[in-house]
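The values are calculated or read from the model by the stated rules, or taken from the named source; none is laboratory data. Model, not experiment: these values are computed from the prediction. Every residue, glycine among them, receives a Cβ derived from its backbone with ideal geometry; neighbour counts consider all protein chains shown. For the accessible areas, the whole protein counts, side chains as well, though only heavy atoms, and no ligand, DNA or RNA atoms are used. Shrake-Rupley method; radii C 1.70, N 1.55, O 1.52, S 1.80 Å.
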Amino acid sequence: MDFYYMAESAPCRSILMTAKALNISLNKKILDLSKGEHLKPEFLKINPQHCIPTLVDGDFNLWESRAIIVYLVEKYGKKDDPLYPNCPKKRAVINQRLYFDLGTLYKSFAEYFYPKFFFKQPVEPEVYQKLETALEFLNVFLSESKYVAGDTMTLADLAILATVSTMEVGNVDVSKYEHINRWYNVMKETAPGADENHAGVLAYRTFIEKNSKK
C-alpha cells in the first residue's frame, strides 16, 4: 500500500500507529506540501482534494485519517479486533470519540495554534477557552474509563494520542488535567508505534522553531 504523508502531521501519525498495531507494511511516500507536491497532476488523479494523509490500496484510494484507520482495521485486522470491535455499542463510542477528535479537540487546537504560528496573529481569549473546554471534555471521558472509549485501547486512543502529543509543540500543558495526564503517560509508553509518533512530534517542533525565526 502506498501511503502519502508527512511525519509532522498528527493525522498521518495516527495511521502510522494503526499500521504498526496491525503489523501492516506501508510504502511510505513523503509529500512536501511546502513545495506544492500535493498539487502535481499525478497526485490530483489520486486525490482531487490534494490533502494528506492519502492511502492507495491497489485500485482503492482513500483520504481522511479517521476513515483510513477504520478501513485498515476492517480489512486487515483480526476478527472482532479490539482496536475496533464488532459490538455496535462499542463501535458507536469509538466513532463518537473519533468525531470528537475531528470536530472538537483537533479543531480547537488548530484554531488556536495555526493562526498564531502561520500568520503571527494574537490568540483571542475565547479561542483558547474553546481548546481548554475540549480538553476538559476529554478529561471527563477519561475519568470514566482507562482509555478514551472504554477499558481497552482502540483507534480512538491512537487518533487522540496523535492530537494530544502535537499539542506539546504549541506549549499546551495537558499535565494539569489529571485523567488526561494519566492516560497520556501510559499511551506514550505502550501505544503501538509510540516511538514513531514521538519522532514526528520532534520533527514538527523543529519545523516550527526553524520557521518561527523568519
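Taking the stretch 91-132 as the range and being within 19 Å of the chain's Cα centre (by Cα) and among the hydroxyl-bearing types (Ser, Thr, Tyr) as the test, the residues that pass are 99, 104, 106, 108, 112, 114. Do we find that residue 123 is more than 17 Å from residue 65 (Cβ to Cβ), at pLDDT below 90 and touching a Phe, Trp or Tyr at 6+ places or on another chain (Cβ under 7 Å) in this structure? Considered against the rule, which asks whether it is more than 17 Å from residue 65 (Cβ to Cβ), at pLDDT below 90 and touching a Phe, Trp or Tyr at 6+ places or on another chain (Cβ under 7 Å), residue 123 comes out as yes.
Is it true that residue 138 is farther than 17 Å from residue 9 by Cα, buried (at least 21 other Cβ atoms within 10 Å of the Cβ) and within 18 Å of the chain's Cα centre (by Cα)? The answer is yes for residue 138. Of all positions in the stretch 60-83, at least one carries a residue that is farther than 30 Å from residue 150 by Cα and either open to solvent by less than 40 Å² (accessible area, probe 1.4 Å) or of a type outside the set (A, V, I, L, M) (or both).
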